[in-house]
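Peer 1: Have a look at this one.
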Amino acid sequence: MSRIAARFAALKREGRAGLIPFVEACDPDRATTEALLAGFPGAGADLIEIGMPFTDPMADGPTVQRAGQRGLKGGATLGVTLDIVRGFRRKDDATPIVLMGYYNPILSYGVERFCDDAASAGVDGLIVVDLPPEEAEELAVPAGRTKLDLIRLVAPTTHAERLKVVLQGASGFVYYVSITGITGTRTATEEHLREAIPRVRAATDLPVAVGFGVRTPEHAAAVARHADAAVVASALIDTMAANLDEAGRLKPGTIETVLDQVRALAAGVRGARVGRAA
Amino acid sequence: MNKPLPNSLRTGPDERGHFGIFGGRYVAETLMPLILEVERAYEDAKRDPAFDAEFRRLLTHYVGRPSPLWFAERLTAQLGGAQVWFKRDELNHTGAHKINNCIGQILLARRMGKTRIIAETGAGQHGVATATVCALFGLPCTIYMGATDVARQSPNVFRMKLLGAEVKPVISGAATLKDAMNEALRDWVANVADTYYLIGTVAGPHPYPAMVRDFQSVIGTEARAQLDAAAGRLPDVCVAAIGGGSNAMGLFHPFLDDASVRLVGVEAAGHGLDSGQHAASLSRGRPGVLHGNRTYLLQDEHGQILEAHSISAGLDYPGVGPEHSWLHELGRVEYVAVTDTEALEAFQLCTRTEGIIPALEPAHALAQVMKMAPAMDRDAIILMNLCGRGDKDIFTVAEALGVKL
């Protein structure tokens, strides 16, 4: 069983949803990313998403855009990102890691070689924002061969007919983009999730994670009441961005502040279904 | 007679929007249903004679088509070789070829029931053309323009505002055309229900490259008929400048299956192809994925997109339309590059010998004509697309020539 499947199976046994914190590789430097990754599982992260910086992130709001620019300045390449994962895996062989990014850097690295290297580094899944199912075959084949889950995205605009196309051959989990918009801008209402998530579930047996606009423990709890995991990105990045010194380095103590934020989000997720029938 | 050649190059793209390996639809899932809707609506419009009739009516009576075909006799004499003919799309309403496409797409947006228009612009020509058709149709529009371009193209910014458009300066990235396109895509993702994205060039996700080409093909179709009437023959060479590549695609497409016609696309070499400061995606880039399509891009070894440079803001883009990438690899079109300096020389020559102030974009095409014409026979014909007028560029040119206005 893959790490992703094992982790979602364990969450199901525990009767709770999971938390997926996001960190942009090398924002603002490699050491920060490594320290956050090392701290995430202990702070309550169930899976981890790592952003692969790209110069032109068309689905991201200003927060993640700037994180990407800092990441590129901080030396992020796909090679470095995989190396960071390799380091993490020496100490943690259970927490699933999903890489999120855009297609061009992967294409430039070489799709086959990237899948080989990512799998051997200990990556479990890939989310490629600008690669819809219609264009995905080139990556889906080597990803399948190397047992990497190619995580499919579903949006509020994905109508019932298209949902079948999107979920055909999906693996790992399904990522529900909870708003029609870019990252870190708006937050979906619980009412929307209550209507939308069952629609996705009706089309797949895979776990459903929700991202875009999940900022607070309360949001995370609302997501956890309906879905299988909550992804939090911009809220964590905002904390980091607010704690940079003039040279663009993270101020002392910030890692701990971010991990505290993850703890609070994890508590939100874990407390969400208390009092409800398991 | 008039039967398509067995291996026609004019039938692309395939049903998924691919020109060979290029093109396609590389967008976030949120946009995919909408992109597919645009495609369905366009396919439907193409089959509707009323849509075409309305498009033709507006081109004739609003844009001022057909644009003239002009034999540049004094320039020809000065170059001492092939005859140079200009397709004068600079005489269109709003001063460039951009309006042809805007007319087509605004009709499509209206047909789709969209009530808000967004667009990206570099030099501001597409922004002005979009703001113009939005004024004509009474639709609100938001134009995204890199903050750098807002600063260097202030007359066009003011024009757009006069026309009622909201101009949003984009400060992300390098604050030029590619960043404006990113920002327009982000706006679209957030406003899918009521908004139509009016892309200005033959790039972006399918169906835009094919649709923009179809609307711009009026250039080549007219020129072909006009030259036939004036000279009774096909041109030997067609030359056009390439940024995203819409004016070139519009000129070339009707000639793609005429093997005797050489097609030459002119990219911006900026400070020189080896200077690292140019916009020559085909000459110096390699295939990748950006802004919804697979095409040649300026990128570093890690697949990060590089900034383009050209004295012409309209050519200052690190990508190129996917059909050009395909034609490049097939070898059907030759892609060459011309520097800022060469374009400036051509700009001045055209102004003084023909009394036409060209935009810096077609000045690149003319610089290539100046290289080719002298070595060709006097009865040979070069057809060049004079795709825009230079009023917008006089400040840039003055600065480059060291003149204080």
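Peer 1: Quick check for me: using +1 on Lys/Arg Cβ and -1 on Asp/Glu Cβ, what's the dipole size of segment A:178-278 about its Cα centre, in debye to the nearest 20?
Peer 2: Dipole of segment A:178-278, to the nearest 20 debye: 300 debye.
Peer 1: I would also like to ask the following. Would you mind telling me the antiparallel percentage of the DSSP bridges in segment A:3-266, rounded to 5?
Peer 2: 5 percent
Peer 1: Take the Cα atoms of chain B, build their convex hull, and give its volume per residue in Å³.
Peer 2: 133 Å³
Peer 1: What is the set of long-range amide H partners of A:VAL231 at a cut-off below 5 Å, with H atoms built 1.01 Å from backbone N?
Peer 2: A:ILE20, A:VAL210, A:GLY211
Peer 1: Of the candidates A:ARG225, A:ARG113, A:ARG215, which one comes out as most mobile in a Gaussian network treatment of chain A with C-alpha springs shorter than 10 Å?
Peer 2: A:ARG113
Peer 1: If you don't mind, there's one more thing I want to ask. Please sort B:314-320, B:9-15 by packing, taking for each peptide the average over its residues of neighbouring beta carbons within 10 angstrom, highest first.
Peer 2: By packing density, highest mean first, the sequence is B:314-320, B:9-15.
Peer 1: Also, I was wondering about something else. Using a 10 Å cut-off around each Cβ of peptide B:304-314, what is the average number of partner chain Cβ atoms that fall inside?
Peer 2: Going residue by residue through B:304-314 and averaging, the value is 2.
Peer 1: Give the residue list of trypsin sites (Lys or Arg not before Pro) in segment B:43-139 that are DSSP loop and have at most 15 other beta-carbon atoms within 10 angstrom.
Peer 2: Sites meeting the loop and neighbour criteria: B:ARG47.
Peer 1: Still on this structure, I have one more. 222 nm [θ] for the protein assembly as shown, helices only, -39500 (n - 2.57) per DSSP H run of 4+, per residue, to 500?
Peer 2: -13000 deg cm²/dmol
Peer 1: Probe radius 1.4 Å, ligands and nucleic acids left out: can you give me the accessible area buried at the B-A interface, summed over both chains, in Å² to the nearest hundred?
Peer 2: Separately minus together, B and A give about 2900 Å² buried.
Peer 1: Follow-up. Can you list residues from other chains, or at least 5 along the same chain, whose modelled amide H is less than 5 Å from the amide H of A:ASP149?
Peer 2: Those lying under 5 Å, H to H, from A:ASP149 are A:GLY125, A:LEU126.
Peer 1: Run the dipole for the protein assembly as shown about the Cα centre, Lys and Arg Cβ at +1, Asp and Glu Cβ at -1, nothing else charged, and hand back the magnitude in debye, nearest 20.
Peer 2: 1220 debye
Peer 1: Can I ask one more? How are the C-alpha pair distances of the protein assembly as shown spread across 10 Å bins, as whole percents from the shortest bin up?
Peer 2: Calculated P(r), rounded to whole percents: 3, 16, 25, 23, 16, 10, 5, 1, 0, 0.
Peer 1: Note down the relative contact order for chain A as a percent, whole number, built from C-alpha pairs under 8 angstrom at least six residues apart.
Peer 2: Worked out over chain A, it gives 23 percent.
Peer 1: Under 5 Å between amide H atoms, partner at least 5 residues away or on a different chain: which partners does B:TYR335 have, H built in plane at 1.01 Å?
Peer 2: For B:TYR335, the qualifying residues are B:GLY265.
Peer 1: Comparing B:MET112, B:MET160, B:MET211, which has the greatest mean-square fluctuation in the GNM of chain B with Cα pairs linked when under 10 Å apart?
Peer 2: So, out of B:MET112, B:MET160, B:MET211, the one fluctuating most is B:MET112.
Peer 1: Determine the dipole magnitude for segment A:3-266: charges of +1 sit on the beta-carbon of Lys and Arg, -1 on that of Asp and Glu, nothing else is charged, the reference point is the Cα centre, and the result goes in debye to the nearest 20.
Peer 2: 540 debye
Peer 1: Using a 10 Å cut-off around each Cβ of peptide A:101-108, what is the average number of partner chain Cβ atoms that fall inside?
Peer 2: 6
Peer 1: OK, next. Of A:SER108, B:SER67, which has the most accessible area and how do the rest follow, probe 1.4 Å?
Peer 2: From most exposed to least exposed: A:SER108, B:SER67.
Peer 1: Can I ask one more? Hey, in the GNM for chain A with a 10 angstrom Cα cutoff, which one of A:SER171, A:SER120, A:SER234 fluctuates hardest?
Peer 2: Result: A:SER120 has the largest fluctuation of those listed.
Peer 1: Of A:GLY68, B:HIS18, A:THR216, whose Cα points farthest to the positive end of the dipole of the protein assembly as shown (charges on the beta-carbon: +1 Lys, Arg; -1 Asp, Glu; origin at the Cα centre)?
Peer 2: A:THR216
Peer 1: For segment B:344-349, in order, what is each residue's ³J(HN,Hα) by Karplus, 6.51 cos²θ - 1.76 cosθ + 1.60 with θ = phi - 60°, in whole Hz (x at glycine and Pro)?
Peer 2: Each residue's phi maps through the Karplus curve to give 5, 5, 5, 3, 6, 5 Hz.
The values are calculated or read from the model by the stated rules, or taken from the named source; none is laboratory data. Since we're looking at a predicted model, the values are computed, not measured. Neighbour counts are summed over all protein chains in view; Cβ atoms, including those assigned to glycine, are modelled from backbone coordinates with ideal geometry. Accessible surface is based on the protein model in full, side chains and every heavy atom, while ligands, DNA and RNA are left aside. Shrake-Rupley method; radii C 1.70, N 1.55, O 1.52, S 1.80 Å.
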